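**Q** So that we are looking at the same thing, I have put the structure below in structure tokens.
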Amino acid sequence: MSASALAQPSLTTRLKSGLDAPICLTWELTYACNLQCVHCLSSSGQRDERELNTAEAKHVLDELRRMQVFYINIGGGEPMVRRDFFELIEYAVTPRDGADGIGVKFSTNGAFIDEANARRLAAMDYLDIQISIDGVDAATNDAVRGNGSYAMARRAMDNLSAANFGPFKISVVATRHNVSQLDQFKALADSYGAQLRLTRLRPSGRGVDTWDDLHPTQAQQREIYDWLMLHGENVLTGDSFFHLNALGDALPGLNMCGAGRVVCLIDPVGDVYACPFVIHGDFRAGNLRDSGGFSRIWRESDLFTSLREPQSAGACASCGAFDACQGGCMAAKFFTGVPLDGPDPECVIGNGVDSGTTPVAIALKPRPAADHSKPTSRVQ
Ligand code: SF4
Ligand code: SF4
């Protein structure tokens with residue numbers, strides 16, 4: 001290796017100091033949702049009357065295009081509830097003003113993917129779809145996502161498949177009740193020619209109140225790690241499981257917290273947060289309607305600037321696994337009442353706040369910024 005190569009900072013070090021534009025930008029288009037999943041990270045249900053309108057949303061897309069944002073993750077709520085959903089994603093993916101289109105990956109519960117919409121989606125370029133399920137059978141899934149939601153998601157998958165959409169994603173949040181189904185989730189994805197995406201449960205949104213019942217046990221965390229070591233190359237996980245790296249070799253995926261560095265969230269009313277799992281005033285960097293828009297927030301906000309500074313290892317400093325685990329997920333710590341430089345609540349070597357062993361006064365835990373619970377059953 002040359003001396004100049006040795007002097008280069010590692011990729012992780014460069015990512016930690018932030019980039020000109022986010023790699024992983026999530027944009028929740030609406031708080032409205034036809035379901036009311038018990039772990040919903042944004043406590044969705046009802047539309048917020050302050051949500052960005054069509055013109056404002058297109059203005060944001062223009063700005064992201066100027067910043068050369070490569071792709072965006074669109075979510076909600078249920079994004080297809082919005083009447084202008086197709087108008088907005090078609091606006092995003094279409095090249096204009098000499099610039100490429102912005103790739104769109106959107107997450108949906110599948111309610112609105114009927115045969116006609118599946119054909120319309122299949123005809124679009126630069127589009128990826130994630131359909132969420134949390135069990136391989138209706139009993140397991142519907143206990144978390146609501147009655148009828150499993151059948152609804154499978155119908156959407158069938159419609160996409162019949163429309164030759166191509167390899168969509170099946171997105172699963174790993175819970176205590178579905179870790180035993182990992183092989184079956186993979187088989188289901190394979191049966192559609194789809195790709196499995198496995199996400200860590202965080203105690204965010206309504207998940208604050210269901211975390212104790214749903215988060216995997218220590219033994220299940222080992223099970224997830226072992227399974228991902230065998231299958232992880234073909235399973236998308238984002239930054240979900242780097243806290244498990246303390247168990248051995250590093251898993252595939254982003255092995256750092258990207259909040260405010262390469263990751264951020266735009267919520268339906270234009271507030272920008274450090275990541276989708278920290279919808280709370282402490283992690284709100286600004287609002288798109290403020291002067292300077294998104295680029296000023298991303299490049300200059302005090303919050304994002306401070307998150308890009310080297311972070312203290314705090315209570316994890318003496319842990320031999322710190323380089324592998326990095327102290328875990330900021331959001332998981334925050335909403336379980338753990339200091340941000342403390343160990344992840346699911347620390348795999350036993351230093352976490354495992355419910356029942358280390359009492360944390362629930363009243364002292366931070367609460368999410370807003371609760372939009374109550375389902376929306378029709379297109380607005
Ligand atoms: S706070 Fe957690 S979920 Fe958010 S970017 Fe960091 S590691 Fe990921
Ligand atoms: S003590 Fe901290 S660094 Fe060590 S494994 Fe636990 S969370 Fe990770």
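**Q** Cβ-Cβ under 7 Å, sequence separation 6+ or interchain: first residue in region 275-295 and closer than 15 Å to L307 by Cβ, partner in a loop (DSSP other than H, G, I, E, B) and within 16 Å of ligand 2 (Cβ to nearest atom). Which pairs?
**A** F277/R202
**Q** Working only within region 232-252, note down all residues that are within 16 Å of ligand 2 (Cβ to nearest atom) and within 15 Å of the chain's Cα centre (by Cα). Let's see the steps before the verdict.
**A** Filtering region 232-252 down to residues within 16 Å of ligand 2 (Cβ to nearest atom) leaves 239-251.
D239, S240, F241, F242, listed by residue number.
**Q** Listed residues L236, L247; which is in contact (Cβ under 8 Å) with a residue 60 or more places away in the chain and more than 16 Å from ligand 1 (Cβ to nearest atom)?
**A** That would be L247, the only listed residue that is in contact (Cβ under 8 Å) with a residue 60 or more places away in the chain and more than 16 Å from ligand 1 (Cβ to nearest atom).
**Q** Any residue at all in region 278-286 that is at pLDDT 95 or above, out of contact with any Cys (no Cβ under 9 Å at 6 or more places or on another chain) and farther than 20 Å from L340 by Cα?
**A** yes
**Q** Would you pick out the residues in region 169-183 that are surrounded by 14 or more Cβ atoms within 10 Å (Cβ to Cβ) and under 17 Å from E233 (Cα atoms)?
**A** K169, I170, S171, V172, L182
**Q** Out of M157, M229, report the one residue that is in contact (Cβ under 8 Å) with a residue 24 or more places away in the chain and over 18 Å from the mean Cα position of the chain (by Cα).
**A** Within the list M157, M229, the selection yields M157.
**Q** May I pose another question? Restricting to region 300-314, and then to whatever is within 30 Å of L288 (Cβ to Cβ) and touching a Cys at 6+ places or on another chain (Cβ under 9 Å), can you tell me which residue is surrounded by the fewest Cβ atoms within 10 Å (Cβ to Cβ)?
**A** Of all residues in region 300-314, those within 30 Å of L288 (Cβ to Cβ) come to 300-311.
If we keep only those that are touching a Cys at 6+ places or on another chain (Cβ under 9 Å) as well, we get 304, 307, 311.
On the way: F304: 22, L307: 23, Q311: 15.
By that ranking, first place goes to Q311.
**Q** Given the residues V272, V262, which is the only one that is more than 16 Å from ligand 2 (Cβ to nearest atom), among the β-branched types (V, I, T), in contact (Cβ under 8 Å) with a residue 60 or more places away in the chain and at negative phi?
**A** Just a single option satisfies the conditions, and that option is V262.
**Q** Please give the helices (runs of 4 or more DSSP H) falling wholly within region 3-103 in which 1 or more residues are at pLDDT 90 or above. Steps first, please.
**A** Details: elements: 3-7, 11-16, 54-66, 85-93.
Where helices (runs of 4 or more DSSP H) fall fully within region 3-103 and carry at least 1 residues being at pLDDT 90 or above, they are 54-66, 85-93.
**Q** Anything in region 315-326 that is surrounded by 19 or more Cβ atoms within 10 Å (Cβ to Cβ) and in a helix (DSSP H, G or I)? List them, or say none.
**A** C316, C325
**Q** Please go through region 28-60 and pick out each residue that is touching a strand residue (DSSP E or B) at 6+ places or on another chain (Cβ under 7 Å) and either without any contact (Cβ under 8 Å) to a residue 12 or more places away in the chain or of a type in the set (K, R) (or both).
**A** R47
**Q** Among the candidates D158, D226, D209, which residue alone is among the acidic types (D, E) and modelled with pLDDT under 95?
**A** On the way: D158 fails: modelled with pLDDT under 95; D226 fails: modelled with pLDDT under 95.
Residue meeting the stated conditions: D209.
**Q** State yes or no: is R206 closer than 16 Å to P368 by Cβ, away from ligand 1 (no atom under 14 Å from the Cβ) and among the basic types (K, R)?
**A** Yes; evaluated as a whole, the condition is true for this residue.
**Q** Right, something else. Going by what's in this entry, would A118 be described as under 18 Å from A194 (Cβ atoms) and in a helix (DSSP H, G or I)? Outline the logic, then answer.
**A** On the way: under 18 Å from A194 (Cβ atoms): yes; in a helix (DSSP H, G or I): yes.
When the stated conditions are applied, A118 passes them.
**Q** For Y150, work out the one condition from (1) in a helix (DSSP H, G or I); (2) in contact (Cβ under 8 Å) with a residue 40 or more places away in the chain it doesn't fulfil.
**A** (2)
**Q** Sticking with this structure for a sec: Select from region 327-339 the residues that are assigned to a loop (DSSP other than H, G, I, E, B) and within 14 Å of H243 (Cα to Cα) and write down the one among them that is nearest to ligand 1 (Cβ to nearest atom). Let's see the steps before the verdict.
**A** Going residue by residue through region 327-339, those that are assigned to a loop (DSSP other than H, G, I, E, B) are 327-329, 336-339.
From the residues that got through so far, the ones that are within 14 Å of H243 (Cα to Cα) too are 327-329.
Values: G327: 10, G328: 7, C329: 3 Å.
Residue satisfying both the conditions and the ranking: C329.
**Q** Can you tell me which residues in region 309-355 are within 12 Å of ligand 2 (Cβ to nearest atom), among the β-branched types (V, I, T) and in contact with a Phe, Trp or Tyr (Cβ under 9 Å, 6 or more places away or on another chain)?
**A** V348
The values are calculated or read from the model by the stated rules, or taken from the named source; none is laboratory data. The structure presented is a predicted model; accordingly, all values stated were derived computationally and were not measured. Here the Cβ is made from the backbone with ideal geometry for all residues, glycine too, and neighbour counts use every protein chain on show.
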